[in-house]
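The values are calculated or read from the model by the stated rules, or taken from the named source; none is laboratory data. Here the structure is a predicted model, which means the values were calculated and not measured. No Cβ is skipped: glycine too gets one built from the backbone with ideal geometry, and neighbour counts run over all protein chains shown. The area values use the complete protein model at the heavy-atom level, side chains included, leaving out ligands, DNA and RNA. Shrake-Rupley method; radii C 1.70, N 1.55, O 1.52, S 1.80 Å.
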Amino acid sequence: MANLNGAASDLRATFLGVYSKLKSELLSDPAFEWTDASRQWVDRMLDYNVPGGKLNRGLSVIDSYKLLKEGKDLTDDEVFLASALGWCIEWLQAYFLVLDDIMDNSHTRRGQPCWFKVPKVGMIAINDGIILRNHIPRILKKHFRTKAYYVDLLDLFNEVEFQTASGQMIDLITTIEGEKDLSKYSLPLHRRIVQYKTAYYSFYLPVACALLMAGEDLEKHPTVKDVLINMGIYFQVQDDYLDCFGEPEKIGKVGTDIEDFKCSWLVVKALELCNEGQKKTLFEHYGKEDPVDVAKIKVLYNELNLQGTFVEFESKSYEKLNSSIEAHPSKSVQAVLKSFLGKIYKRRK
């Protein structure tokens, strides 16, 4: 196994090597009698959906574990186990995205057609999502069953999955077709959607995995959860901001939150700051596909100086997060949280 104490590219290569190993174990899982056709299907489905993203969530399990070990070199076994947990998070992400894309009737994901849009896949993608979900306990059972923290890991994944699905539900029922009503949108609603739909699995889960591996009791770290959830909310507000004001060539996509009637931080702030006339403009033009409507909303956002409001939000959030982190008694836990914050502060893509 590659030496992990080197560059980020080595880490990524090692991490991808673990994916191949986990995949080959899953493709000969003794609980099922495989045929050539079923093995080929799952092989292709995994390659299409699991390793394609930025892999930030998975890689941060290894980063966090290394920081918790205070810079001591990790053994091959520790690298493998931290990578396996990282991949469980990437599998969870793949499962959510495959099903999300069907619910949203999306067309592309990560620069290629969504899995259900691939010829001959269609609604089989729903079952593929279920298989992705079921791979997680298979991986955990094979590699962590003898560990003292095995039950805690199962609990953690189950709880975070429930929280994420519940966040997705709030998001979906808020934008039911034909019931689009901007007056439902508020900062507390935005916060709840983001906290449950994104922050738990993207921010808390990788660190919680690393803490369990390091022999820590999650119950004893409530502030870690709070800080990471707040970081997740800050991250999503950045995302909402970049969706409108980011440069498509930098963020890698063209934002559509306005057209999609999303409960975006920008629209929630606009509702807070606007006068009656501006409110009328919002209600008339938000959530419409026509570029003319979208342009009117963007002009309004500029009139309200939402860019300035965002810059202020960003610096306040950073200060708050930093002081919460510094209040944590453990230096190594502080290092983990600071490393997360450093990656996202003032990001522009």
Name the residue, out of Arg109, Arg44, Arg39, that is under 17 Å from the mean Cα position of the chain (by Cα) and open to solvent by 30 Å² or more (accessible area, probe 1.4 Å).
Arg109
Among residues of the stretch 82-124 being touching a Phe, Trp or Tyr at 6+ places or on another chain (Cβ under 8 Å) and of a type in the set (Phe, Trp, Tyr), the residue nearest to Asp63 (Cα to Cα) is Trp87
Residue count, the stretch 93-106, condition assigned to a helix (DSSP H, G or I) and open to solvent by 20 Å² or more (accessible area, probe 1.4 Å), comes to 7
Tell me, which helices (runs of 4 or more DSSP H) wholly within the stretch 241-343 include 1 or more residues that are out of contact with any Pro (no Cβ under 7 Å at 6 or more places or on another chain) and modelled with pLDDT of 90 or more?
265-273, 276-285, 291-303, 306-326
Yes/no for Asp181 being of a type in the set (D, E, K, R), without any contact (Cβ under 8 Å) to a residue 12 or more places away in the chain and open to solvent by less than 60 Å² (accessible area, probe 1.4 Å)
yes
Positions within the stretch 146-161 being touching a helix residue (DSSP H, G or I) at 6+ places or on another chain (Cβ under 9 Å) and part of a loop (DSSP other than H, G, I, E, B), in sequence order
Lys147, Tyr149
Hey, among Lys338, Lys343, which residue is within 26 Å of Gly71 (Cα to Cα), of a type in the set (D, E, K, R) and surrounded by 15 or more Cβ atoms within 10 Å (Cβ to Cβ)?
Lys338
Could you list, in sequence order, the residues of the stretch 259-297 that are open to solvent by less than 80 Å² (accessible area, probe 1.4 Å) and farther than 18 Å from Leu187 by Cβ?
Glu259, Asp260, Gly277, Thr281, His285, Gly287, Asp290, Asp293, Val294, Ala295, Ile297
Please work out which residue is most open to solvent (accessible area, probe 1.4 Å), limiting yourself to the stretch 184-221 and to residues that are more than 24 Å from Ile136 (Cα to Cα) and of a type in the set (A, V, I, L, M).
Leu187
Subset of the stretch 28-57 (residues that are part of a helix (DSSP H, G or I) and either at positive phi or at pLDDT below 95 (or both))
Asn56, Arg57
Going residue by residue through the stretch 117-136, is there one that turns out to be within 30 Å of Ile258 (Cα to Cα), buried (at least 21 other Cβ atoms within 10 Å of the Cβ) and charged (D, E, K, R)?
no
Picked from the stretch 150-175 (must be of a type outside the set (Phe, Trp, Tyr) and open to solvent by 70 Å² or more (accessible area, probe 1.4 Å)), the residue nearest to Glu284 (Cα to Cα) is Ile173
